[in-house]
Every structure is written in C-alpha cells, then in structure tokens.
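The next block holds one structure in the form of structure tokens; read it before the comments.
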Amino acid sequence: MLIAAMNPSQDSVGMGDGGYYAGSLAQKRHYYAKLSKPLLDRIDLQLEVKKVKLEEITSTVAAESSGAIRERVLAARDIQLRRFQPLKRKLFANGQMKNPEIKKFCPLDGEGNRLLQMAVEKFDLSARGYFKVLKVARTIADLEKVEKIAPQHVQEALQYRSLDLSRF
C-alpha cells in the first residue's frame, strides 16, 4: 500500500479574495505536470485536499461518527469476502481483482458504460485507469450495500482520479 502527499500548488492555498484555486488553469496544469502519468496511473485514489474553511472547523453540525464509518467499511468488506469466496484465487478486497474478475464483478449498465467511455476519451484514461475506476466504483457500491454499480458510483470513482484528470 502506498500513501503519498505533496505540497499544495501555489494557487490552491486559498489566500486572498480569490479563495480556493484562484490561479489559472495553466498554472495548475504546470504544477501537476511534475507527476508522470504512468505513476498516477498506478494510484487508485488521488485526492486534492482543499484548505479547510474556518466555518467548517467551528461548525456544530455533527459529522458521521468513526464508529458508524467503521461499521459501513466492515459490512462492505464482508460483501467482498462473500463475493470472492467461490473463486480459486484467494482475494479479500476489490483492489486485488485482476481484469477477469473486474469484468465478472463490475458490470456497468448502459449509462454507466457511456459515462466511463466518455471519461476514457475526454481525459485519455489508460486501460489501467479504466479498470481502477471500475474497482473503486465497485467498492463505492459495496459501501452503499448495492449489488449493481450505478452511474453515480462511476462518477464518484472518477472524482477520485482528480490528479490524473486535472491535466486537462
């Protein structure tokens, strides 16, 4: 497992009246061009974490508890273990699926397929990136305890490729 971080780009520090991402798109592309596409292609989840606003820090609205999140994750892991139990190859998580398992366990409906095809064409998503999006979408559906991957799961999974897709 690899977890990595990098310094924020100059335009993302949220200073001044411009707020978040006040810099130009060209500045952002230049900054993220330092990361090679083959490297990003191998990272399942790529998130750009924005500066937290003071209102969010001081909010009295209760967030979901870590205990509730833990229960959701354990339920999703149980779904995955049951799904992979009949396989000859020992798998315990969606991230371990290879292409044959992805094709078997991650079917998309017409709309989800169109959405992913559009992302492949528009953002030059590689075959590796395509399959990673499917695995993440499968996990999102599992977290929701939903059998079929819906278009909104594909959309959310694509959002987790933000650094890969920010080049465009």
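The values are calculated or read from the model by the stated rules, or taken from the named source; none is laboratory data. The model shown is predicted, which means the values in this text are computed figures rather than measured ones. Please note: Cβ atoms are built from the backbone with ideal geometry, for glycine as well, and neighbour counts cover all protein chains shown.
A few points about this structure:
- Subset of the stretch 71-108 that is β-branched (Val, Ile, Thr) and in contact with a helix residue (DSSP H, G or I) (Cβ under 6 Å, 6 or more places away or on another chain) - its residue that is farthest from Gly129 (Cα to Cα): Ile79
- Scanning the stretch 125-150 for residues that are assigned to a loop (DSSP other than H, G, I, E, B) and not hydrophobic (A, V, I, L, M, F, W, C) returns Ser126, Glu144, Lys145, Glu147, Lys148.
- Enumeration of residues in the stretch 111-143 that are surrounded by fewer than 16 Cβ atoms within 10 Å (Cβ to Cβ) and among the acidic types (Asp, Glu): Glu111, Glu121, Asp124
- Checked against (1) over 22 Å from Ile3 (Cβ atoms); (2) surrounded by fewer than 17 Cβ atoms within 10 Å (Cβ to Cβ); (3) modelled with pLDDT of 95 or more, Ile149 meets all criteria but (2).
- Hey, Glu121 among the acidic types (Asp, Glu), within 13 Å of the chain's Cα centre (by Cα) and under 30 Å from Gln27 (Cα atoms) or not: no
- Answer residue from the stretch 125-139, given it is hydrophobic (A, V, I, L, M, F, W, C) and within 15 Å of Leu39 (Cα to Cα) and is modelled with the highest pLDDT among those: Ala127
- Total residues in the stretch 36-70, condition within 23 Å of the chain's Cα centre (by Cα), among the small types (Gly, Ala, Ser) and farther than 20 Å from Ile3 by Cβ: 4
- Residue within the stretch 40-61 that is within 21 Å of Ser126 (Cα to Cα), part of a helix (DSSP H, G or I) and out of contact with any strand residue (DSSP E or B) (no Cβ under 8 Å at 6 or more places or on another chain) present: yes
- Filter result for Lys122 (in a helix (DSSP H, G or I), among the basic types (Lys, Arg) and at pLDDT below 95): yes
- Filter result for Ala68 (at pLDDT 95 or above, surrounded by 12 or more Cβ atoms within 10 Å (Cβ to Cβ) and of a type outside the set (D, E, K, R)): no
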